[in-house]
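For reference, the structure is listed below as structure tokens.
A short reminder: the numbers here are calculations on the coordinates, not readings from a lab. From a predicted model like this one, the values you see are computed outputs, not experimental measurements. Quick reminder, even Gly has a Cβ in these numbers, built from the backbone with ideal geometry, and neighbours come from all protein chains shown.
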Amino acid sequence: MAATAALCLFTACGEPVIIQSYRIKFPDLPEAWLEILGEANWHTEWAGKDGNIHSAEVEPGGKAYAGVSQEWSSPVSAWPYWPDKGIRYGVAKPAGAIFPLDVSGSSIRLTWGAGVDAVFFWELASLNNEKRLPHNFNWARFRELFSDALLPEDILGDPWLADWKTIAVKTAMSGFDRRRINSQQCTSISLTVPASGPWIGTSPFMRVSDWQKGETITLKVSGAVDSYFCAEGILRCSPNAWNWIKYSSYNQ
């Protein structure tokens, strides 16, 4: 059964209509992100016709175009960031698209859900296993795992709870298995909230929290540094420590 599922997921996409350059359509920011952080800049990456990774920096309200490789499926990623607040790209989770699934006319429409697809694509590509190259992966079938609610409830609510790098490594080694898509192990830490909310995290799917200054809360943190944001600054947490940085410190 597992082997059959793997084979079903590694089939090529159909041939796209050839357009020299597609306009990248960014998704709307989550309402809470916009309220707390304001409009975002975007760092955008795509696989070009020459086989290399290309990128563009787009200011709020700006436009971007991508001459994507059209011989096979390929990813487009866009990481929002806020330079005036010291939030660099790569901190907040990206939006994304898979060519040609997300082509609409002469545009490639990015969504927050497909941000997971694009990151998983890049991770598989970095492993360069000729037997399981990501442009042969059945991305439409992969998306059905979410649309048909075939994954754990917590992952359906926020797919960034999964460790997509580790899932990619295991997929490249032995094929795809949806049973690997589970929340990654986390460590619980307690801390005193440094400023009143609302608070948001790095995932566009994360619920807004109304933590208040002086309140003691318990957070689950991954092995990496996790970040949370309110109107005043950034709370950065790891299993062994946490720190609080006001946005004003970046503008002194």
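What to note about this one:
- Global geometry of the stretch 70-167, whether rounded, prolate or oblate, following the gyration tensor of its Cα atoms and the 1.5 cut on a/c: rounded
- Placing unit charges on each Cβ (+1 for Lys and Arg, -1 for Asp and Glu) gives the stretch 109-192 a dipole about its Cα centre, and among 145, 110, 122 the Cα reaching farthest toward its positive end belongs to 122.
- The stretch 57-85 and the stretch 198-221 have Cα centres spaced 28 Å apart.
- Candidates 123, 45, 35, ranked by Gaussian network fluctuation over the chain, Cα under 10 Å, top entry: 35
- Approximate spin-label separation residue 31-residue 150, in nm, with each point projected 7 Å along Cα-to-Cβ: 3.3 nm
- Residues listed by number, the stretch 41-55, amide nitrogen under 20 Å from residue 133 label point at 7 Å toward C-beta: 46-54
- Value of relative contact order over the chain, rounded to a whole percent, pairs C-alpha under 8 Å and six or more apart: 17 percent
- With a Cα cut-off of under 27 Å and a minimum spacing of 8 residues unless on different chains, the lysine pairs in the chain number 26.
- Cα gyration tensor shape of the stretch 84-240, rounded if a/c is under 1.5, else prolate or oblate by comparing a/b with b/c: prolate
- Net lengthening on full extension, residue 104/residue 218 (0.36 nm per residue, minus Cα-Cα): 36.7 nm
- Potential lengthening of the chain between residue 182 and residue 141 amounts to 13.0 nm, from the contour at 0.36 nm per residue minus the alpha-carbon distance.
- Within a Gaussian network of the chain (alpha carbon springs, distance under 10 Å), most fluctuating of 192, 111, 202: 192
- Maximal additional length on extending the residue 173-residue 59 stretch stands at 37.1 nm, based on 0.36 nm per residue less the C-alpha distance.
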